[in-house]
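Notes for the one structure printed next.
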Amino acid sequence: MTGHDQQSEQSEQSEPSRTPEDVIGSAVPPRRLPRRVVVGVSAVLALAVAVGGGIWAVGKVGDADRTAATRAWPASLSDEAGPTDAKLVLPGGVGAKLLPLSDGYEPDGYLPGPDIGSLGNDNVLDAERTAEHAKDAVRGLDAGERERFAKALKKLKFIGGAQRSYSGADSLFVVEMHLAQVEEAGAERALSRFRSDVEPVLDGLREGPSKKCFLLPDAGEPKLDAMLCTWTTDDVLVTAYAYGAAKLDTKEIDRMFTEQFDRLVASGESA
């Protein structure tokens, strides 16, 4: 770890102890976003298709009310409880490093997206939940590839994580951002081994706009497309899962993923 990283860690009281409260955050009252009409979306597109054990779904981004309060999902809370039962929090730790979504129009014109798997659209997770849901980010892979990813993920010892989904306001696609933080001791070696373990899977995917992003297997549905982006800092696994209408704006998604990665590095989150 560099002197700069040590100085950054000392400036954040949560980092030295890495308590569960620091990973999750502090409680805040619920907040609702204002009702607005998104210009540029003129028609309803509602598509859903089972792909590799997951579901792609794209809906109209319109003038519906959307909530953006972050929810804490400890392992003690079952998925069946529903997002409204999760504790509303001001995220701390790695959860505070997600690209911001303020009033539904940051970053760069994005709205809150749909729920991620069985959770909400804006979540912070404890260690056990992070391990349980880390594979949600790669659900577009086929069964064999998902199994290889799952085995590689099981070798990582997580301390917490965060997820947030974003809907493009003027185009029909969704980006899910997933951050999973591993224990600092031995993190670089563990994540380097993870990259080696999953490299054969990524090499088998269609080439994306950069070395970090890959187009997922053809769904057999010409109206749908999806892309996976993945990279690591010193102790955070960063993954984006994007899906939407065909001719996905892969360059924009890659730009957004790079912005998220750079935000982690700039924050001094051991990156």
**Message:** Considering only residues that are open to solvent by less than 50 Å² (accessible area, probe 1.4 Å), farther than 18 Å from GLY93 by Cα and touching a residue at least 60 places away in the same chain (Cβ under 8 Å), which ones fall in the stretch 157-192?
**Reply:** TYR166, SER167, GLY168, ALA169, SER171, LEU172, PHE173, VAL174, VAL175, GLU176
**Request:** From (1) under 23 Å from PRO112 (Cβ atoms); (2) among the hydrophobic types (A, V, I, L, M, F, W, C); (3) in contact with a Ser or Thr (Cβ under 9 Å, 6 or more places away or on another chain), pick out the condition that doesn't hold for LEU224.
**Result:** (3)
**Request:** Give me a count of the residues in the stretch 193-215 that are out of contact with any strand residue (DSSP E or B) (no Cβ under 7 Å at 6 or more places or on another chain), in contact (Cβ under 8 Å) with a residue 24 or more places away in the chain and of a type in the set (Gly, Ala, Ser).
**Result:** 2
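Of the residues ALA152, ALA190, ALA162, only one is closer than 19 Å to ASN121 by Cα and either assigned to a strand (DSSP E or B) or modelled with pLDDT of 95 or more (or both); which?
Numbers: ALA152 fails: closer than 19 Å to ASN121 by Cα; ALA190 fails: closer than 19 Å to ASN121 by Cα.
Sole residue among the options that is closer than 19 Å to ASN121 by Cα and either assigned to a strand (DSSP E or B) or modelled with pLDDT of 95 or more (or both): ALA162.
Residues being of a type in the set (Ser, Thr, Tyr) and part of a helix (DSSP H, G or I): count how many of those fall in the stretch 108-139.
Initial filter on the stretch 108-139 (of a type in the set (Ser, Thr, Tyr)): 110, 118, 130.
Narrowing the set further to residues that are part of a helix (DSSP H, G or I) leaves 130.
Summing the residues that are of a type in the set (Ser, Thr, Tyr) and part of a helix (DSSP H, G or I) in the stretch 108-139 gives 1.
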**Message:** Take TYR105 and tell me if it is more than 29 Å from SER192 (Cα to Cα), at pLDDT below 90, open to solvent by 50 Å² or more (accessible area, probe 1.4 Å) and touching a strand residue (DSSP E or B) at 6+ places or on another chain (Cβ under 9 Å).
**Reply:** yes
**Prompt:** Among (1) within 14 Å of LYS97 (Cβ to Cβ); (2) open to solvent by 30 Å² or more (accessible area, probe 1.4 Å), where does ARG206 come up short?
**Reply:** (1)
**Item:** Enumeration of residues in the stretch 119-137 that are open to solvent by 10 Å² or more (accessible area, probe 1.4 Å), closer than 16 Å to VAL175 by Cα and either out of contact with any Gly (no Cβ under 9 Å at 6 or more places or on another chain) or of a type in the set (A, V, I, L, M) (or both)
**Value:** ALA134, LYS135
**Request:** Filter the stretch 236-271 for residues that are at pLDDT below 95, open to solvent by less than 30 Å² (accessible area, probe 1.4 Å) and among the charged types (D, E, K, R) and give the result.
**Result:** GLU269
**Residues of the stretch 140-149 satisfying the condition of being outside any helix (DSSP H, G or I) and more than 17 Å from the chain's Cα centre (by Cα)** = ASP142
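The values are calculated or read from the model by the stated rules, or taken from the named source; none is laboratory data. Here the structure is a predicted model, which is why all the values come from computation and not from measurement. No Cβ is skipped: glycine too gets one built from the backbone with ideal geometry, and neighbour counts run over all protein chains shown. Just so you know, the surface numbers come from the protein's heavy atoms only, side chains and all, with ligands and any DNA or RNA stripped out. Shrake-Rupley method; radii C 1.70, N 1.55, O 1.52, S 1.80 Å.
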